[in-house]
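Beneath this line is the structure, given in structure tokens, with notes to follow.
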Amino acid sequence: MFRRIFLLTWVSYIGYYLCRKNFSVLMPYFKEDLGWTSGGLANALFLYSLAYCVGQFTIGWLADRFGSRILVTLGMIATAGCSALMAVSPNLALLQGVNGAAQSTGWPGLLKLTRDWFPSTNRGVIMGWWGTSLVVGGFAGTWLATRAAETHWTRGAWVPSMVLLAIMIAFVTLARDGRSPHADHRPGPLVVNAPLAAIAAMYFCVKLARYAFLFWLPLFMTEQLRYSKSDAGYASTAFEAIGFFGVLGAGYASERFAGGGRFGVAALMMLALALLCVAYPMLSASGPLVNLAAIAAIGVFTFGPDTLMAGAAVHDVAPPGATASAGGFVNGVGSLGQILSPYVVSTLSTQFGWDTLFPVLGGFAVLGALALATQLRPAWRTTS
């Protein structure tokens, strides 16, 4: 059953990303073909992020009490519908708001299933492999939407939704709520302890930076680097494609080299991310290959600490019976950074130019590292 649940939850979270990442690929089309401004797109992303944030705090509580299977199934149906409707509806902002609420079912719901069915030994490694669903989903979502939009941009809206619906059918047919010895059978209250608060503060910072790259990289490359829309879409896949290795590396490092020390590994990776962000304006202007390598490196040091702390570390410190609530709390606080992200990007890029944006993102990465450092000593020997 462990292998089945691993595969189902892994593929399901990839499916969520198919109907999340396609919006960023289609943003240049929305500006050029539909007349949307950067500010208007930022408003749409704000509504998405606000609904997603609120959903994190509520869905986690519901999943702990009523199980994940039905909540996740309904979420996949709703987000597939929102994605398909982008092809025909002029009200992108409203659709993104509804999509944010639907997408919020994914992380806390699936995280509870992983806690219920996955063994506690080698948690960093197992959750590292499971966390690759974020980067595989981002890569697949970008590639699928870019490829589909080459014929007509509306295909980038509805093709991912068809794939997600197929995944949903497999999930609802084969998934089961926890009955294993690892399962949180009795729901408990969420107590926000100091390690959980530090993870949440770090997640605010890393998610602000991640969503800046996730949604705005194609637009940056079309406007600043003069890439074609297709080339920008394909180049931005390096963020997730190579970020895959950051996820695995962080998981293995936290088990093999630091005795389960998630906090120390993640703090070092956040500092590396800060340096890369500061250097990115110069690197991106140094030619396509250097730009691609820089995007890949940023992906490694973004997704590594992101998945390590939101996955294995939450399992480590979550109160008994409150895994989904703890995951929802961390992702909810992180989503506040996601809410802020489009306004940071649109304001800085419009008022001061794109080159100002990336050092600011580096500053947020430093703040995230400092938040983790407050728990470094007690967390360094966190056991699984």
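Every read-out reported here was derived from the displayed coordinates using simple, explicitly stated rules and does not represent laboratory data. None of the values given here were measured: they were computed from a predicted structure. Because the Cβ atoms are built from the backbone with ideal geometry, glycine has one as well, and the counts that use them run over all protein chains shown.
For semi-axes √(5λ) of the Cα gyration tensor in Å, the candidate list reads (i) 33, 27, 24; (ii) 30, 25, 17; (iii) 37, 26, 19; the entry that matches the value derived from this model is (ii). Based on Cα contacts under 8 Å between residues 6+ apart, the stretch 1-128 shows a relative contact order of 38 percent. Normalised by residue number, the volume inside the convex hull of the Cα atoms of the stretch 290-384 is 116 Å³ per residue. Computed from label points 7 Å out along Cα-Cβ, the spacing between VAL290 and TRP129 is 3.9 nm. Exposed loop sites, defined as trypsin sites (Lys or Arg not before Pro) outside DSSP H, G, I, E and B with at most 16 other Cβ atoms within 10 Å, are absent from the longest region of the chain, namely 1-175. Legend: helices of the chain (whole DSSP H runs) are marked when their alpha-carbon atoms reach 15 angstrom or more along the helix axis and their mean Kyte-Doolittle hydropathy is at least 0.0; marked are 2-34, 38-66, 69-85, 92-103, 123-149, 155-174, 194-223, 243-256, 262-284, 288-307, 323-351, 354-373. Put simply, when 35-42, 281-288 are sorted by average Cβ atoms within 10 angstrom per residue, most first, you get 35-42, 281-288.
Taking 35 Å as R0, compute the FRET efficiency from the Cβ-Cβ separation of PHE245 and ASP355 and round it to 0.05. After rounding, the FRET efficiency stands at 0.80.
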